[in-house]
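Reading through the structure tokens given below for one structure.
The values are calculated or read from the model by the stated rules, or taken from the named source; none is laboratory data. All values reported here derive from a predicted model rather than from experimental measurement. Positions of Cβ are backbone-derived with ideal geometry, glycine not excepted, and every protein chain shown enters the neighbour counts. Each accessible area value is taken on the protein alone, full model and side chains, heavy atoms only, with ligands, DNA and RNA left out. Shrake-Rupley method; radii C 1.70, N 1.55, O 1.52, S 1.80 Å.
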Amino acid sequence: MTLDEIEEIVRRLPREPIGFYPTPFHKAKNISRKYGVDIYLKREDLSGPSAFSGSKIRLAEFVIGEALRDGVTHILTVGAYLSNSAGQLATAAIQAGLTPILFLYDSIGEGYPSSWRANLLLDKILGVETYLFPREPDQPQEKIWKDTLYPAVEKKAAELEALGHKVLFAPAGATHPSSFPAHVLTYKEIMDQSRELNFKPDYIYHTTGTGSVLPAFAAARMLTDDTCAIRSIAINSYRPDNFVNTDIIAERVREIFATVGRAPPSANEILAEFDIDQRFIGPDYAVPSAEGIAATRELASLDGIFLGPVYTAKGFAGLLSHIHEGRIAPGSKVVFVHTGDTNNLFEDSRITGQLVE
């Protein structure tokens, strides 16, 4: 199956385009020269209608497309205070004339935020109805989700439906089933843009958290028998009992195969596709790592490009480490998917780390 054939099927799915595509694609010349590896950046951080955007816009387009098709009036979603996906989904909903409502939890145990900052500030400016769920530092996040956040979502949905509204719930990361094929289009853009620059990627690097990019990239690679290796740098744990893990990602791959009308490979074949490095999570999700801070400084000082502290900094740190370890040979062609998150550079220092002395 060709990427053109896959793209034609995906573009026929319910979708409400609000982003600007293809997103920019260019070589980071100075850091490439330093390491002897050609590093290209796929700028998904420039995908949406504002300067504060990211790869979740692609997911939001499909979620909104399904909502409009089904007569939905309100979209409810969840995430951390610093959530990129919640803000991007809210932006897409507003543009489509729908009402977004956000339910955001405290990822660093700070209680109620002391100020409106970074994504929280943007949500406030958007005027989005937002509910905050603080926690004590020693309280597990899962307890907040179970005891207060998700019950509040269910209560709000019931209230809206009792008033005659129709509600769509999008899980954390906008990983609603309608959004799973979205990044197949990103994969095709990478291949088209690489060809225009007369090269074939040896590796595509990206961060993986809630798991929206990896299943689409894996499915696209398997459907086309491509030789490009997909390498994923995790920013939260993929342990078997977590809310996202390799079995869940594999199921999303199977769903994408079904969407394009192809029988999926076996579970073992799909799992063998995954190359997920969990060494760069740092102390925890949304907690800064020394490697991520160093990567942010290095790319900014060499090529004037900023990384976000939660996702892209840790991902790029993983890429640089793989170069140092010899996992990427000199002269290789590497594409790094910059998925956004730079607005979180204006977050609390417990999330950004000490970026400046």
For this session: Quick one: of Lys146/Lys314; Lys56/Lys124; Lys124/Lys188, which pairs are farther than 24 Å apart, Cα to Cα?
Result: Lys146/Lys314; Lys124/Lys188
Exercise. So how many Å³ per residue does the convex hull of the Cα atoms of the chain work out to?
Worked result: 133 Å³
For this session: First compute the accessible area of the chain with a 1.4 Å probe, then give the percent of it belonging to carbon and sulfur atoms.
Result: 53 percent
Exercise. So what's the back-of-envelope 222 nm ellipticity for the chain, counting only DSSP H runs of four-plus at -39500 (n - 2.57) apiece and dividing by all residues, rounded to 500?
Worked result: -12500 deg cm²/dmol
Problem set entry | By average C-beta atoms within 10 angstrom, highest first, the peptides 52-62, 237-247, 317-327 | 52-62, 317-327, 237-247
For this session: Can you grab the distance from the C-alpha centre of the stretch 257-276 to the C-alpha centre of the stretch 283-313, Å, no decimals?
Result: 32 Å
For this session: Out of all DSSP beta bridges with both ends in the chain, state the antiparallel percent to the nearest 5.
Result: 10 percent
Problem set entry | Those residues of the stretch 188-203 whose amide nitrogen sits under 15 Å from the label point placed on Ala329, 7 Å along Cα→Cβ | 200-203
For this session: Apply 1/(1 + (r/R0)^6) to the Cβ-Cβ distance of Arg297 and Phe20, taking R0 = 22 Å, and write down the FRET efficiency to the nearest 0.05.
Result: 0.15
For this session: Report the FRET efficiency, 1/(1 + (r/R0)^6), for His165 and Ile9, where r is their Cβ-Cβ distance and R0 is 35 Å, rounded to 0.05.
Result: 0.65
For this session: Measure of size requested: the Rg and Dmax of the stretch 193-287, with Cα atoms as the atom set and Å as the unit; please supply both.
Result: 14.1, 43
Problem set entry | Rg/Rg_globular for the stretch 242-311, with Rg_globular taken as 2.2 N^0.38 Å and Rg from C-alpha atoms | 1.55
Exercise. How far apart, in nm, are two points set 7 Å out from the Cα along the Cα-to-Cβ line at Asp147 and at Val287?
Worked result: 2.0 nm
Problem set entry | Net charge dipole size for the stretch 26-114 [Lys, Arg +1 and Asp, Glu -1 on Cβ; Debye, nearest 20] | 620 debye
For this session: Can you tell me which of 223-234, 206-217 comes out highest on packing, and rank the rest after it, using the mean Cβ neighbours within 10 Å?
Result: 206-217, 223-234
For this session: For the stretch 48-65, take each phi angle, set θ = phi - 60°, evaluate the Karplus expression 6.51 cos²θ - 1.76 cosθ + 1.60, and give the result in whole Hz per residue in order, putting x for glycine and proline.
Result: x, x, 9, 5, 9, 9, x, 5, 5, 4, 4, 5, 4, 4, 6, 4, 5, x
